[in-house]
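Engineer: Pasting in a structure now, in structure tokens, and then I'll have a few things to ask.
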Amino acid sequence: MTVKRVDSTDHDFRNLVQFLDADLAIRDGDEHDFYHQFNKIDMLKHCIVIYLDGNPVACGAIKPFDEKSVEVKRMYTDPQKRKMGLASETLNQLEIWAKELGYKKCVLETGIKQPEAIALYEKCGYQKIPNYGQYVGVENSVCFEKEIH
């Protein structure tokens with residue numbers, strides 16, 4: 001396994017995000033356009049791509065949320081490479097990077113139609129919190145946070 005820190009201009013990161021968006025379009029159905037507007041990647045400066053045997057298989061990103069927190073975005077693992085700990089390692093690498101940048105907390109939003117993601121975040125120590133920002137009142141959103149200091 002190789003971990004690479006990139007920004008959102010990275011070709012492999014962009015390709016993995018295309019697969020993520022295709023999957024989310026199916027899962028989110030009519031609500032996809034609402035969520036998609038909050039998932040633009042053109043300004044992401046802190047992205048992770050994980051490679052197995054030279055092939056990009058997982059990704060994630062963080063972006064500033066507030067003075068003490070980053071928001072985890074664009075988490076994805078190739079479906080044929082799941083159950084290998086890649087998503088946990090992606091999340092771990094993002095948390096390490098956030099700590100290096102001086103942040104104390106990670107927050108994130110995922111959908112109730114993504115039970116694998118919910119299970120991952122709970123397994124990795126994230127706690128459910130009230131929906132924040134644009135997700136307040138959105139029934140299909142679930143928000144989490146984790147202290148990382």
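Engineer: Please go through segment 74-99 and pick out each residue that is more than 17 Å from residue 16 (Cβ to Cβ) and of a type in the set (Lys, Arg).
Structural biologist: 83, 99
Engineer: So, one more: Could you say whether any residue in segment 95-105 is touching a helix residue (DSSP H, G or I) at 6+ places or on another chain (Cβ under 8 Å), more than 19 Å from residue 8 (Cβ to Cβ) and surrounded by fewer than 17 Cβ atoms within 10 Å (Cβ to Cβ)?
Structural biologist: No: segment 95-105 contains no residue that is touching a helix residue (DSSP H, G or I) at 6+ places or on another chain (Cβ under 8 Å), more than 19 Å from residue 8 (Cβ to Cβ) and surrounded by fewer than 17 Cβ atoms within 10 Å (Cβ to Cβ).
Engineer: If you don't mind, another one. Could you check how many residues of segment 8-24 are surrounded by 14 or more Cβ atoms within 10 Å (Cβ to Cβ) and either closer than 11 Å to residue 57 by Cβ or more than 14 Å from the chain's Cα centre (by Cα) (or both)?
Structural biologist: Residues meeting the conditions: 4.
Engineer: Between 122, 109, which is touching a residue at least 24 places away in the same chain (Cβ under 8 Å) and among the charged types (D, E, K, R)?
Structural biologist: Exactly one residue qualifies, and that residue is 109.
Engineer: Further question on the same structure: Quick one: how many residues across segment 52-75 are under 15 Å from residue 4 (Cα atoms) and out of contact with any Gly (no Cβ under 6 Å at 6 or more places or on another chain)?
Structural biologist: Number satisfying all stated conditions: 11.
Engineer: On the basis of being farther than 22 Å from residue 15 by Cβ, buried (at least 20 other Cβ atoms within 10 Å of the Cβ) and more than 11 Å from the chain's Cα centre (by Cα), does residue 119 make the cut?
Structural biologist: When the stated conditions are applied, residue 119 does not pass them.
Every number here is computed from the coordinates shown, using simple stated rules; none is lab data. None of these values were measured; they are calculated from a predicted model. Cβ coordinates were reconstructed from backbone atoms using ideal geometry, including for glycine residues, and neighbour counts include every protein chain displayed.
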